1. Checking the a/c ratio against 1.5 first, then a/b against b/c, what shape does the Cα gyration tensor give for the range 67-125?
2. In angstroms, what radius of gyration and Dmax does the range 79-188 have, counting Cα atoms only?
3. From a point 7 Å beyond the Cα of residue 74 in the direction of its Cβ, which residues of the range 121-141 have a backbone N at a distance under 18 Å?
4. I need the calculated FRET efficiency for the pair residue 153 and residue 107, taking r as the beta carbon distance and R₀ as 30 Å, to the nearest 0.05.
5. What share of Cα pairs, in percent, lie more than 13 angstrom apart in the range 6-79?
6. For a label point 7 Å from the Cα of residue 133 along Cα→C-beta, name the residues of the range 57-101 whose backbone N is under 18 Å from it.
7. Suppose each label sits 7 Å from its Cα in the direction of the beta carbon; what would the residue 178-residue 83 distance come out to in nanometres?
8. Pick from 98, 71, 169 the residue whose mean-square fluctuation is largest in a GNM of the chain, springs joining Cα atoms under 10 Å.
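No value in this document is a laboratory result; all are computed from the given coordinates. Model, not experiment: these values are computed from the prediction. No Cβ is skipped: glycine too gets one built from the backbone with ideal geometry, and neighbour counts run over all protein chains shown.
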């Protein structure tokens, strides 16, 4: 196997981070996407992750996608899935980035996978979790059906862009992250202001 050029490494990192971000919307959609892309030869997975493109893995990921989609369209059940979704999203995001990155040192590869891949997946999943929790309180869970639709669309779109125009997907991910961080900071500032007003 020939060594990748720096541009090819950057491209594979962009694909990995983009797919990891998609895990923040739906865990198994990007896993299925990378499995199919690897199986058809559209992308090249790292040697220790070639198993992901096997027919068995594709079957398992397909089944998981169907179960996940159905579960998130059922009120109450979607909240049960949310209790474990963040941890699973971080793990899946880490795996996806690691599966795309080759020709760099193992330490750098896994550091990048955990921080960038797992971190982005966890952050987006956290933002989704807050939105769903707010909807549950405001609409008794009925509004979650619409949120589920947009989350699924987000996972599909981000996965597709990651595999076709990786740098566009990466730019979109950066935008997502900036919006979520802005919301988190704004919320903390409001809480701090309210606390200060209460004490004064």
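1. On the way: a/c = 4.40, a/b = 2.87, b/c = 1.53.
Prolate is the answer for the range 67-125, as a/c is 1.5 or above and a/b outweighs b/c.
2. 15.2, 50
3. Answer for the range 121-141: 141.
4. On the way: r = 37 Å, r/R0 = 1.22.
Efficiency computed from Cβ-Cβ geometry: 0.25.
5. Details: 1860 of 2701 pairs.
Cα-Cα pairs in the range 6-79 separated by more than 13 Å: 69 percent.
6. 76-90
7. 3.8 nm
8. 71
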